[in-house]
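**Q** My structure is below; once you've seen it, I'll send some questions.
The values are calculated or read from the model by the stated rules, or taken from the named source; none is laboratory data. Bear in mind that the values here come from a model prediction, so they are computed numbers and not experimental data. Here the Cβ positions follow ideal geometry from the backbone for every residue, glycine too, while neighbour counts run over all protein chains shown. The accessibility values were calculated without ligands, DNA or RNA, using every heavy atom of the protein model including side chains. Shrake-Rupley method; radii C 1.70, N 1.55, O 1.52, S 1.80 Å.
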Amino acid sequence: MKYLLLFISLIYAIPSNAQNKGVTLLILGTVQDGGSPHIGCQKECCAVLFDEPDPSRKVVSLGVIDHENQRTYIFDASPDFTTQLKMVQEYTLPERKAPDGIFLTHAHIGHYTGLMYLGREALGGKDVPVYAMPKMKLFLEKNGPWDQLVNLKNIELIEMTTDEKMQLTPNLTVIPFLVPHRGEYAETVGFKIIGSKKSALFIPDIDKWYLWEKSIVEELKKVDFAFLDATFFDANEVNHRDVSEIPHPFVIESLELFKDLPENEKSKIHFIHLNHTNPLLDLESKASMEVRSKGFQIAQFSGTFKL
Ligand SMILES: [Zn+2]
Ligand SMILES: [Zn+2]
Ligand SMILES: [Zn+2]
């Protein structure tokens, strides 16, 4: 009896999340770089949010947790990094303050500036591994305030090579790949994240699908989930400018491109990186209903996927 009680108390001492097996992908944010509410926005989309912020409106980021090996990774260090890191930590040992790796897609504010919280003014990180492409790595090494993170060894930069596999744990492999996207300071990549059973594509920013040397339709076939750039829904959000001239795949363009795919391919697509004006931020909007009725999905904050 004594042993039985000890056994039961031991089981309950383990946090429930730690009992998870395999690899989990966790949506840490779904909003475009500028967040929501958006600075200076006087439109209806943000009117209420300045007074009543919605805690589910976080800038785009993914967490990946290998439960078996107790390893955690974050894809893109967003301006909401503080709370996003906390979400990932819920899945790991409490004494672990930093993730085992941060993967960066590119040098636009929504995707890397969260690194600032690893510096001496905040966490004071110790050699936190940050995976970056060659130009991105150089950008961080040569420009303040980021160079201070490098010099003080708050972060340790690890250079990635496009299309090269990185085996992080026996259960988890990551492959970066170049995508076209305006690159003032650095190149832009997307990631393929391969777990022990399933895999996912993460492409939060890309100019247009047809400008990519790879075919998104072909790449989609090779994975189970795809989190894809859906910054703008249609021309309403950009003052009725010609959508073909704005360097993002508009949702209406993606719906057209993917319209003949079989249901099982369509359902892999989760639209993400939504501008504050994007009606897909509201699951009840007409646009959201249309997207979902056509068999596609809209990425939801704190949603989880088994890889
Ligand atoms: Zn972005
Ligand atoms: Zn707005
Ligand atoms: Zn960008």
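**Q** When segment 111-128 is examined, which residues are found to be farther than 15 Å from Asp100 by Cβ, part of a helix (DSSP H, G or I) and among the hydrophobic types (A, V, I, L, M, F, W, C)?
**A** Leu115, Met116
**Q** Tell me yes or no: at least one residue of segment 114-124 is touching a strand residue (DSSP E or B) at 6+ places or on another chain (Cβ under 6 Å) and either open to solvent by less than 30 Å² (accessible area, probe 1.4 Å) or more than 16 Å from ligand 3 (Cβ to nearest atom) (or both).
**A** Within segment 114-124, one or more residues are touching a strand residue (DSSP E or B) at 6+ places or on another chain (Cβ under 6 Å) and either open to solvent by less than 30 Å² (accessible area, probe 1.4 Å) or more than 16 Å from ligand 3 (Cβ to nearest atom) (or both).
**Q** Check off (1) surrounded by 13 or more Cβ atoms within 10 Å (Cβ to Cβ); (2) in contact (Cβ under 8 Å) with a residue 40 or more places away in the chain for Lys221 and give me the number that stays unchecked.
**A** (1)
**Q** From Glu164, Glu253, which residue is part of a loop (DSSP other than H, G, I, E, B), open to solvent by 50 Å² or more (accessible area, probe 1.4 Å) and more than 16 Å from ligand 3 (Cβ to nearest atom)?
**A** Sole residue among the options that is part of a loop (DSSP other than H, G, I, E, B), open to solvent by 50 Å² or more (accessible area, probe 1.4 Å) and more than 16 Å from ligand 3 (Cβ to nearest atom): Glu164.
Residue-by-condition table, conditions (1) open to solvent by 40 Å² or more (accessible area, probe 1.4 Å); (2) among the acidic types (Asp, Glu); (3) within 16 Å of ligand 1 (Cβ to nearest atom); (4) assigned to a strand (DSSP E or B):
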{"position": "Leu25", "(1), (2), (3), (4)": "no, no, no, yes"}
{"position": "Gly40", "(1), (2), (3), (4)": "yes, no, no, no"}
{"position": "Asp51", "(1), (2), (3), (4)": "yes, yes, no, no"}
{"position": "Asp54", "(1), (2), (3), (4)": "yes, yes, no, no"}
{"position": "Leu62", "(1), (2), (3), (4)": "no, no, yes, yes"}
{"position": "Leu85", "(1), (2), (3), (4)": "no, no, no, no"}
{"position": "Pro94", "(1), (2), (3), (4)": "yes, no, no, no"}
{"position": "Pro99", "(1), (2), (3), (4)": "no, no, no, no"}
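**Q** Also, quick follow-up: So which residues in segment 284-307 are outside any helix (DSSP H, G or I), touching a strand residue (DSSP E or B) at 6+ places or on another chain (Cβ under 9 Å) and open to solvent by 50 Å² or more (accessible area, probe 1.4 Å), if there are any at all?
**A** Gln297, Gln300, Phe301, Ser302, Thr304, Lys306, listed by residue number.
**Q** If you don't mind, there's one more thing I want to ask. Of all residues in segment 239-250, which are surrounded by fewer than 19 Cβ atoms within 10 Å (Cβ to Cβ) and either within 16 Å of ligand 3 (Cβ to nearest atom) or within 18 Å of Ser288 (Cβ to Cβ) (or both)?
**A** Result: Ile246, Pro247.
**Q** I've got another one for you. For segment 64-82, what are the residues that are surrounded by fewer than 23 Cβ atoms within 10 Å (Cβ to Cβ) and over 14 Å from the mean Cα position of the chain (by Cα)?
**A** Result: His67, Glu68, Asn69, Gln70, Arg71, Thr82.
**Q** If you take the residues of segment 172-193 that are within 23 Å of Phe258 (Cα to Cα) and surrounded by 20 or more Cβ atoms within 10 Å (Cβ to Cβ), which of them is nearest to ligand 3 (Cβ to nearest atom)?
**A** That would be His181.
**Q** Ile158 - would you say it is open to solvent by less than 10 Å² (accessible area, probe 1.4 Å) and part of a strand (DSSP E or B)?
**A** Considered against the rule, which asks whether it is open to solvent by less than 10 Å² (accessible area, probe 1.4 Å) and part of a strand (DSSP E or B), Ile158 comes out as no.
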